[in-house]
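Read through the structure below, which is laid out as structure tokens, and then see the notes.
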Amino acid sequence: FTRPLNLNLRRSGQIPVSHDEFVRWVAMFLLRCLLPSGYDGLVGHVRGMLPAAVPHLLSEGRFKQIKSALTLIPSSTSRSDKAVSDAIADIERVISQRSCNLYYVDGCILSLDDWKWLCSAGDLPFAFKVDHGQAWCAENVATLPHKFVLHTMKRCRNPETMKLRTCAETMMTLLERVAAMPHGKTMVTMDRGFTTYDVAQKVAQLGLGFLGIVDHKVYHFVVAYEADDQRLGDGIDAGIDRGGRPVHLFPVGDKWGKETAAFCHRVGTKELVGVAVRQRYGGKSRHGKVRKEIPMASTAAVRFFSTLPSTKPLLRTFAYKLKRVGDTARA
């Protein structure tokens, strides 16, 4: 961090920053993100909490000098896509390595998802347009439930297509990095925006524990069909689709209650489990659109892919609705 910072400071005729001063600047920056009233609020907070630390605070002028000179690469060097991408990758590698050393152990539950941080900076590299402006878009691996970020990967521009890389590319790279660490007991979770059969296959082959929810329009072992009047339990309820992939029918409708089904199929040397849970459905997606690819009924199948070693734990799992416990019962 300090190498390009000091080059920029020297170029503008300012005093270079030492390691100790940069650590103090970072501490002040974090406090200013949390406290109101800017620099005066920071000084007042430190004076109230630890008066002896006030002399160690940087002046507001010096704080702004360092902030204005803090860039990914020196201002005098090339700003090509490759130079910026390489600088981002260097920072990501250092942060990820230290974060994994601090927070990762085999057996973690990890969330892999894309995050879009709103940013109005004029020099934001590889800006991603969103509804409210522009965002710094990156894929991240974070621990659950504490949300310590272990790996982050900025979505940079592909030099061949000159377009931002897709989340599928960057997420698969992060999965490979997780698989490079001890992962015998680690579980990775993903949301419906990324989980597909192909992704689930690749994760299974990497040997990672995996649980991902699947969108209604994506292929899954379990296919919902409307069955208010007749259930196919006595007929053919499983087969192979035109792509040679297994299919199991799962009834939904207005007369059906909650139910869970799980099916296991081998993918290479690994086993992939498809899970479906029937739940209430209002007829529209979370964005208010009518889903035409599923039966029009008051229930729908929520589907998951998993690499759990057996379907038996799933089939023995029951869900309960928590009830309030009064003071008398609690005593």
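Values quoted throughout were computed directly from the atomic coordinates according to the rules given, and no laboratory measurement underlies them. Since this is a predicted model, take the numbers as computed values, not measurements. When we count neighbours, we look across all protein chains shown, and the Cβ atoms used for this are built from the backbone with ideal geometry, even at glycine.
Measuring nothing but how far apart in sequence close Cα pairs (under 8 Å, 6+ apart) lie, relative to its length, the chain scores a relative contact order of 11 percent. If the chain linking Trp115 and Met162 were pulled fully straight, counting 0.36 nm for each residue of separation and taking away their Cα-Cα distance, it would gain 14.8 nm.
Rounded to 0.05, the FRET efficiency of the Lys129 and Val23 pair, given R0 = 41 Å and the Cβ-Cβ distance, is 0.70.
With all pairs of separate Cα atoms included, the chain yields a Kirkwood hydrodynamic radius of 24.2 Å. Principal-axis analysis of the Cα atoms of the chain puts helix 81-103 at an angle of about 70° to the longest axis. Only one residue of Val188, Trp256, Tyr225 has its Cα farthest out toward the positive end of the dipole of region 159-297, where Lys and Arg carry +1 and Asp and Glu -1 on Cβ, and that residue is Val188.
Compute the acute angle (0 to 90°) between the alpha-carbon long axis of helix 2-11 and the principal axis of greatest extent of the alpha-carbon atoms of the chain; round to the nearest 10°. Value to nearest ten degrees: 40.
The per residue volume of the convex hull around the alpha-carbon atoms of region 1-155 is 157 Å³. Here's the list of aspartates and glutamates a cross-link from Lys67 could span, going by alpha-carbon distance under 16 Å and ignoring same-chain residues fewer than 8 apart: Asp20, Glu21, Asp123.
Extension gain for Ile240 to Arg192 (0.36 nm times residue separation, less C-alpha to C-alpha distance): 14.9 nm.
Label sites at Val105 and Glu169, each approximated as a point 7 angstrom past Cα along Cα to Cβ, lie 3.7 nm apart. The simple Förster model, with R0 at 30 Å and r as the Cβ-Cβ distance, assigns Gln201 and Lys147 a FRET efficiency of 0.60.
Helix 197-206 and the long axis of the chain differ in direction by around 70°, with both axes built from C-alpha atoms. The orientation-averaged shadow of the Cα convex hull for region 118-225, equal to a quarter of the hull surface, comes to 9.6 nm².
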